[in-house]
Amino acid sequence: MKSLTNILTLSLTILCAVYAYGQGFQVNFQGQKQQGMGCAGTALYTDASTLFFNPGAAAFANKSEINLATTPIFATVHYTDSATQQTFTTQNPVGTPFSAYGLYRFKNKLEPLSAGLAIYTPFGSTVQWEPNWIGRFALTRLSLKAIFIQPTFSYRISERFGIGGGFVLSHGSVNLQKDIPVQDSLGNYGHAELAGKALGFGYNLGVLYQVNHRFSIGATYRSKVSMAVSDGQASFSVPSSLASNFPNGPFSAALPLPSVLTVGMSFEPSDKWKFVLDINHVDWKAYDTLAFDYAQNTSSLSDTKSARNYKSIFAFRGGASYSPNSKLVIRCGGGFGFTPVQSGFVTPETPDANRLYGTFGMSYLFNAHFSLDASFYATKLTRTDKNMESQLNGTFRTIALAPGISLNYKW
Amino acid sequence: MVMKILRYIGCCCICALALIACNPKSEVPNPSKGELDLTTVLYIGDGQMGGYMNDGLTKENQVNSLANILATQLTCLGVQPANVPFLDASSIGISVNGLAPFHLGYKTDCKGVSGLSPVRDASTGDISCLTQNIFQSAHPFDVFGIPGLKLNQFTNTNLSATNAFFQRMSSSSSACVMNELMSRNASFFQLYIGLEDVLDYAKSGGTHATLPSELEFQQYYEQLLFNLTFHGAKGVVATLPDVSQMPYFTTIPWNGLSLDAANSGTLNSIYNPLGFYFQEGSNPFMMVDSSANVFAVRQIHDDELLLLSLPLDSVKCNQMGVLFPIRDEFVLDSEELNFLRNKIDAYNAIIRDLAQQYHLALVNTDQFINKLSDGFVYNGVSMSAKFVSGGAYSLDGIYLNPRGNALFANEFIKAINLKYHSTIPQVNALKYDGIRFP
């Protein structure tokens, strides 16, 4: 009768992702020139990073190119609990997304064809909350890493029309930790760690049409990538009397990365000025539920299905570049995105909000082969919410700064 | 040209800085005391106010008491920490019956099965921890959370002789609680009283006919408020919970009698003539009821409660609840429960009226305990009224544990803020212990 059944259902409801630096997961840190212009550039050939932004535009490359870039992310989230008025802060390590692109332009008979390989990291960040923070039983740390490898072909059908497509292979790892509200005889709390590797597939298609030599329009569709964790390992540290309630063992889970449809345009009123505008539609509705399936269930550890109820959103990005001479380009831009996270569903791993951000950047061309790009991204967002599941009720304030740099070589 | 570029870059920098300029920490309101005068704050009540939990008082329990949690939260308004009649930190503490407090440990039952259970810290409590009087006139106490204190005992000048918890903190052996309180001339008081009156009846299974009449309750309560507010003190009072929702009364199931085919057959042959039937699986226990039949036994009903004081080894190994019906002192039957709940409702009506009459803040303890019984999630942690696993009640099944006290303290803070327009921040209840497991 005093048996301790039901000792706390461990609702491992998380994993939702470190979607902190783009609307949702859309980390548009895949090209320094685009980052300088508000992360837009679907209707523009910039450099080999176009393989990501629009495989169709990559058909307009007139040289072969290699592009290597990194964008360290400095992000801090402050959470102020509404009831206690206490503020807690993340201690995130610096995120280091990188990208590497190689684009080969065929010659002679195959001239309209380009082939490329794009490697990029749409995740690469870690959310680490301060010790003993008030939401420790919802999340203490989430590290989500994924590397996308995208072999791509682009074909220029006519002088003005290019198409392209790439297959996406994604390999990632997730490590999610939180404290468990059971205490040992010294008062220490239990801890859960879920770690696993994920594999997913998708594709990236794009077209570009040059209406005239000043004006282009483009469109891309990046497919949904379902990241499936099949061999995850759940480890629990709990008081010995409860160890049988929390068996270490395998789990499986899946995380959908939604499809993104983008239309963009570019306008070059003179040789010195370029303006770009992108509109994204992100099908976040795909992220409806987060489910965890444990190989071994107990009264304390049951499979969980956690509503996420994301909604599909639009985001708008735009920017300009100005080239005062043949060596230098400077850029400025910004964007606005609606949040896919609805009221009642804001979590410590996704303290997302409608987002306004600004960017600027520059390029310097050392010679006909070698050039360097730099960019800077800054955003600040605030979201007040009461999570329906955890009842965490407070305000998240996020600041993210991301300076980036890339090297280009073309021949 | 260069100037133009620099100007352009500068413009972008300003844009970026403007986006991030606001310090995100600066938007928290400052705590304020509103209309409160916090010169002298008193905390008045029984063991629930003073830190009685796990059926015992220890210094650690006092630190985690409702009174001390509330007092600690007031220090963010510049109020000095409360003077608490702390026990010695090295003492294992003592229960109202002289026993040692509980911890969660392993216990082997009569069948040789070992399981988690509340276990006493020692064979007896530390009786010596209460013998020395620690009153100092220069440093009078702020916390009068006296285990066992009943509403009708405030003016009792003999209380020292019967209540060692009061004796050790009283200014003289003939002092009464009321005079001790009056001498402090409080500017603000936090009062939660009446629980022991109700518990005395409930914990005896309805055998102690000691519940005060409504009139007595009203008179004692009003006398207390009249004296406390005589010099204009403000205060907060709290209603009483439906104590029958506490784990002490809800943990042992009415139909916990588990029978195999042979045993149910035997019982049927014995009890069928009286109209009681048994089946394989779970069955109602047999209890004493003098009005049931000539044998004064019947099956317990699904709305009746078995108390945690029930000797479980007798149930498991010695046919208690089967051939030997469970005695009245271990059961709250429907009639007793109705009587008890009606009394509590009546007392609460009196408390609500008096709170209004004396312009005091009111904590709806009954609603808080109902919410706990329904279960709720607090910052990712599930809280409920379940024994041990619910995380809010201590191991005695009646008094709240530190986390339960912190959550209850937040009800006081909300009531005070509402009434006196103060902005005292709530307590982070997760900083306080729930149940510790071996």
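The values are calculated or read from the model by the stated rules, or taken from the named source; none is laboratory data. Model, not experiment: these values are computed from the prediction. Ideal geometry is used to build each Cβ from the backbone, glycine not excepted, and the neighbour counts take in all protein chains shown.
Values computed for the structure shown
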read-out	value
Odd one out for residue A:72 among (1) crowded, with 24+ Cβ neighbours inside 10 Å; (2) under 22 Å from the mean Cα position of the chain (by Cα)	(1)
Pair list, Cβ under 7 Å, 6 or more apart: the stretch B:34-47 residue within 12 Å of residue B:236 (Cβ to Cβ), other residue among the basic types (Lys, Arg) and not in a loop (DSSP other than H, G, I, E, B)	B:36/B:234; B:42/B:184
Residue B:117 being surrounded by 15 or more Cβ atoms within 10 Å (Cβ to Cβ) and at pLDDT below 95	yes
Residue check, residue B:323 closer than 24 Å to residue B:258 by Cα, touching a Gly at 6+ places or on another chain (Cβ under 7 Å) and not assigned by TED's automatic domain parsing to the domain that holds residue B:204	no
Condition met for residue A:285 (within 14 Å of chain B (Cβ to nearest Cβ), basic (Lys, Arg) and within 30 Å of residue A:336 (Cα to Cα))	no
Those strands (runs of 3 or more DSSP E) lying entirely in the stretch B:339-438 with at least 2 residues at the interface with another protein chain (Cβ under 9 Å from one of its Cβ atoms)	B:376-378, B:381-383
Some residue of the stretch A:75-97 being within 19 Å of residue A:57 (Cβ to Cβ) and away from every other protein chain (no Cβ under 14 Å)	no
Whichever residue in the stretch A:166-179 is among the aliphatic types (A, V, I, L, M) and either modelled with pLDDT of 95 or more or on the phi > 0 side of the Ramachandran plot (or both) and, among such residues, is surrounded by the most Cβ atoms within 10 Å (Cβ to Cβ)	A:168
Single residue of B:370, B:401, B:293 found to be among the polar types (S, T, N, Q) and either in contact with a Lys or Arg (Cβ under 9 Å, 6 or more places away or on another chain) or under 30 Å from residue A:140 (Cβ atoms) (or both)	B:401
Residue that is touching a residue at least 40 places away in the same chain (Cβ under 8 Å) and in a loop (DSSP other than H, G, I, E, B), where the choices are B:267, B:240	B:240
From the options B:138, B:122, B:161, residue that is without any contact (Cβ under 8 Å) to a residue 60 or more places away in the chain, within 29 Å of residue B:251 (Cβ to Cβ) and of a type in the set (A, V, I, L, M, F, W, C)	B:122
In the stretch A:379-411, the residues that are crowded, with 22+ Cβ neighbours inside 10 Å, within 19 Å of residue A:332 (Cα to Cα) and within 8 Å of another protein chain (Cβ to nearest Cβ)	A:379
From A:400, A:353, residue being touching a Lys or Arg at 6+ places or on another chain (Cβ under 7 Å) and under 23 Å from residue A:78 (Cβ atoms)	A:353
Every residue from the stretch A:303-325 that is within 13 Å of another protein chain (Cβ to nearest Cβ) and in a loop (DSSP other than H, G, I, E, B)	A:323, A:324, A:325
Checking residue A:331 against (1) within 21 Å of the chain's Cα centre (by Cα); (2) of a type in the set (Lys, Arg); (3) at pLDDT 95 or above, the condition it does not meet	(1)
Cβ-Cβ under 7 Å pairs, at least 6 apart or on other chains, the stretch B:181-200 side under 22 Å from residue B:53 (Cβ atoms), far side crowded, with 24+ Cβ neighbours inside 10 Å and of a type in the set (S, T, N, Q)	B:192/B:48; B:195/B:48
Odd one out for residue B:91 among (1) in contact with a Lys or Arg (Cβ under 8 Å, 6 or more places away or on another chain); (2) among the polar types (S, T, N, Q); (3) exposed (fewer than 14 other Cβ atoms within 10 Å of the Cβ)	(3)
Lone unmet requirement of (1) over 21 Å from residue B:333 (Cβ atoms); (2) surrounded by 15 or more Cβ atoms within 10 Å (Cβ to Cβ); (3) not assigned by TED's automatic domain parsing to the domain that holds residue B:363 for residue B:234	(3)
Selection within the stretch B:122-138 - crowded, with 18+ Cβ neighbours inside 10 Å and either in contact with a helix residue (DSSP H, G or I) (Cβ under 8 Å, 6 or more places away or on another chain) or among the acidic types (Asp, Glu) (or both)	B:126, B:130
Number of the exception - residue A:370 against (1) surrounded by fewer than 16 Cβ atoms within 10 Å (Cβ to Cβ); (2) farther than 15 Å from residue A:135 by Cβ; (3) within 12 Å of chain B (Cβ to nearest Cβ); (4) not charged (D, E, K, R)	(3)
Test set (1) under 16 Å from residue A:396 (Cβ atoms); (2) in contact (Cβ under 8 Å) with a residue 40 or more places away in the chain - residue A:154 fails condition number	(1)
Filtered residues of the stretch B:341-363 (kept if surrounded by fewer than 19 Cβ atoms within 10 Å (Cβ to Cβ) and either of a type in the set (Gly, Ala, Ser) or not assigned by TED's automatic domain parsing to the domain that holds residue B:197 (or both))	B:346, B:349
Selection from the stretch A:88-107 of residues that are among the polar types (S, T, N, Q), in a strand (DSSP E or B) and surrounded by fewer than 20 Cβ atoms within 10 Å (Cβ to Cβ)	A:89
Some residue of the stretch A:350-357 being within 24 Å of residue A:176 (Cα to Cα) and either at the interface with chain B (Cβ under 8 Å from one of its Cβ atoms) or hydrophobic (A, V, I, L, M, F, W, C) (or both)	yes
From A:154, A:143, residue being part of a strand (DSSP E or B), more than 14 Å from chain B (Cβ to nearest Cβ), at pLDDT 95 or above and on the phi < 0 side of the Ramachandran plot	A:154
The stretch B:207-225 residues that are surrounded by fewer than 18 Cβ atoms within 10 Å (Cβ to Cβ), paired with ones that are among the β-branched types (Val, Ile, Thr) (beta carbon under 9 Å, 6 or more apart)	B:214/B:350; B:222/B:350; B:223/B:155
Residue list for the stretch A:79-116, filter: closer than 30 Å to residue A:391 by Cβ and hydrophobic (A, V, I, L, M, F, W, C)	A:83, A:88
Residues of the stretch A:177-203 satisfying the condition of being part of a strand (DSSP E or B), within 14 Å of chain B (Cβ to nearest Cβ) and not aromatic (Phe, Trp, Tyr)	A:177, A:178, A:179, A:180, A:181, A:182, A:183, A:190, A:191, A:192
